1. Rounded to the nearest 5, what % of DSSP beta bridges with both residues in the range 264-362 are antiparallel?
2. Could you report the accessible area of Leu273 in Å², rounded to 10, computed with a 1.4 Å probe on the protein chains as they sit in the structure?
3. Tell me the label only: which of (i) 5, 24, 30, 20, 12, 6, 2, 0; (ii) 5, 21, 26, 19, 14, 9, 5, 1, 0, 0; (iii) 5, 23, 33, 24, 12, 3, 0 is P(r) over Cα pairs in 10 Å bins from 0, in percent as calculated from this structure?
4. By Kyte-Doolittle mean hydropathy of at least -0.5 and Cα axial length of at least 20 Å, which whole DSSP H helices of the chain are selected?
5. Which of Ala191, Ala258, Ala112 moves most in a GNM of the chain, Cα contacts under 10 Å?
6. Take each of the peptides 131-141, 242-252, average the number of other beta-carbon atoms within 10 Å over its residues, and list them starting from the highest.
7. Classify the range 139-268: rounded, prolate or oblate, from the alpha-carbon gyration tensor (a ≥ b ≥ c, eigenvalue square roots; a/c under 1.5 rounded; otherwise prolate if a/b is larger than b/c)?
8. Say each of Ala280 and Leu140 gets a label point 7 Å from the Cα, pointing the same way as Cα to Cβ; how far apart are those two points in nm?
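The values are calculated or read from the model by the stated rules, or taken from the named source; none is laboratory data. Every value quoted in this text rests on a predicted model; they were computed, and no experiment measured them. Every residue, glycine as well, gets a Cβ built from its backbone with ideal geometry; the counts of neighbours run over all protein chains shown. Quick note on the areas: whole protein, heavy atoms, side chains included, nothing else; ligands and nucleic acids left out. Shrake-Rupley method; radii C 1.70, N 1.55, O 1.52, S 1.80 Å.
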Amino acid sequence: MNTYTKCFLTFFALILFVSCGNSDDDVNFNLNQGELGKGENPDSCLGFEDNELLLSIQEEFTTLPGKVSILFKVTDNQGNPISGLTANQFTIYEQGRNDDCFNTISSSESFARISPNSQIFNNNTLLVLDLSNSVLQSSLDELKIASTSFVNNVMPTPETTSFQMAIYWFDGEDVLHLLNPLTSSIAELTAAIDEIDENISNDPSTDLYGAVIKSANIAEDLIQETNQNQAIGAASVVLFTDGTDQASRYTEESALNAVNNANPNISFFSIGLGAEIDTAVLSDIGKTASVVASNAAELETTFNQISARVSEQANSFYLFEYCTPKRDGSGDNNLVIQLTNGALQGAVQTEFDATGFTGGCE
């Protein structure tokens, strides 16, 4: 079943890590330090408790005649993404220049909603596969099944140009080979995977660090291109390997610098296979999430773990919109959005300019 049936705004400004999987030894999802992005903690006059949910504002804008749009990501305070939220779980509070504290704005009267965001957001996933000789000779069939499952789980249906995937592969050569360019077509991606055979490479070496550096650079370029087109960009790099770096062309430090210094909107995932990998290095490369399969039979399970993480992150970003009654163009309008999800709550404060606002709202 496709786990990404609805693509909400995905803007990766927080790096997420949780711990789950087959065992503590083969899975690493580290925790991030939660941030509020462009927002801040709500004014104390509201009397809210400490945030148990974090609403990290990524972008905000207004549209005449009176619409306020807030783009934010939701996690718990351990960094776990929260997906599947609906507009009626949010409460809106506003404070104008003459208000001592905040007044509640009815969600129904303000037409509050969670809106699609395909016109202002692009998310690209890079699936990077180790196809050195050791993989081709011992686990190619399992890798193809796992990669196909990954594509089916991550790519949204129906297809949307705002969410695309490309597939690359590497061996010992100083090249990151393109297997299939960016596309929103599941059929195209799975067909490319199906065509991989044992003759694609006969190189026994592994240029792991080079693959990390090159894929990080590609992801950086994609985000810059998206931003130049007046949209918000995010990317995920998902790298699979069954070994350590053997080519010794690049250093471990250079590879980890490429990961750690990358645009914060890039998430890095790693999948390891077998006993020859360095789990510590692989965990550092997959700083968003890292999993290890002890044998080829576990590959599909580990790929599915990572596909779930990619989808959860994407679905935890929301475009929340409502129609404000404010008309003040001074820029002194404060806004608090509070979220209630079961027994947990969180809130974030920002401000907006209501210059030119009139009655009515689309």
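1. 65 percent
2. 10 Å²
3. (i)
4. Details: long enough: 140-154 (21 Å, 0.33); 208-228 (30 Å, -0.04); 299-315 (24 Å, -0.56).
Qualifying helices: 140-154, 208-228.
5. Ala191
6. Details: 131-141: 18.6, 242-252: 17.1.
Highest to lowest by the protection proxy: 131-141, 242-252.
7. Working: a/c = 2.19, a/b = 1.10, b/c = 1.99.
It is oblate, given that a/c is not under 1.5 and a/b is not larger than b/c.
8. 3.5 nm
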